[in-house]
Amino acid sequence: MSGHNGISYLTPPRPVSEIQQEARRSSSAQAVAEIMFVKMAQEQQLDEVTISEYPDLFVKWDENWRGKAGDIVQDEGKLYRSIHDVTDAGQNRKPSETPSMWTRIGNPLEEFPEWVQPIGAHDAYSKGAKTSHGGKKWVSEVDGNTWEPGVYGWAEYSEPEPQEAPQEAQDGPSKEPGE
């Protein structure tokens, strides 16, 4: 198809306004999806692994932050869920420094996250929970564990002995037909 002045178009020419409108619609859809994700996360409709995969969707905590119990913020690269409503500066405390006001949302890539002293049933360690403390790795032996590792209720974890890997065929990587 030929245009004016001998210009050939591979696709029919589209007005810039139409392209901009499509881009705005796509951008709006992305924004709505992000808002819904955060809302679902804050209403505990998503598991922590899923929430942890998208930390950048959550606001960074600062001294001006205000929110409700359940709201999620970023602090020093980690995610925290507020335990309390925060309506004024006196209630707003840095998440990484005040575990009494925040619940850390676990990082699935961190198998043995640093131990944090639980303050109640809401953040006590369950049986089988893994943590690191004092340069060692620990596994909880009891439910509702609020003890410090090494004191009570924890078994020191030791890495399993590496198994001899079976020898693979030495033909090199296999290729799919047509590669």
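Maximal additional length on extending the Ile7-Val139 stretch stands at 40.5 nm, based on 0.36 nm per residue less the C-alpha distance. Using a Förster distance of 22 Å, how high is the FRET efficiency between Ser126 and Glu53, based on the Cβ-Cβ distance and rounded to 0.05? The pair Ser126/Glu53 has a calculated efficiency of 0.50. Sequence-ordered 3J(HN,Hα) estimates for the stretch 27-38 from the Karplus curve with 6.51, -1.76 and 1.60 and θ = phi - 60° stand at 5, 5, 4, 4, 4, 5, 4, 5, 4, 5, 4, 4 Hz, glycine and proline given as x. With all protein chains in place and a 1.4 Å probe, the accessible surface of the stretch 32-121 carries 53 percent carbon and sulfur. By the rule of a C-alpha distance below 17 Å, with chain neighbours fewer than 8 residues away ignored, the lysines paired with Lys94 are Lys60, Lys68, Lys78. Taking the Cα centre of the stretch 8-156 as reference, the dipole from Cβ charges on Lys and Arg (+1) and Asp and Glu (-1) amounts to some 320 debye.
Estimated at 0.36 nm per residue, the fully extended path between Ile35 and Ala23 surpasses their Cα-Cα distance by 2.5 nm.
The values are calculated or read from the model by the stated rules, or taken from the named source; none is laboratory data. In this text, all values refer to a predicted model and were calculated from it rather than measured experimentally. No Cβ is skipped: glycine too gets one built from the backbone with ideal geometry, and neighbour counts run over all protein chains shown. When the accessible area is computed, the model is the full protein with side chains, heavy atoms only, and any ligands, DNA or RNA have been set aside. Shrake-Rupley method; radii C 1.70, N 1.55, O 1.52, S 1.80 Å.
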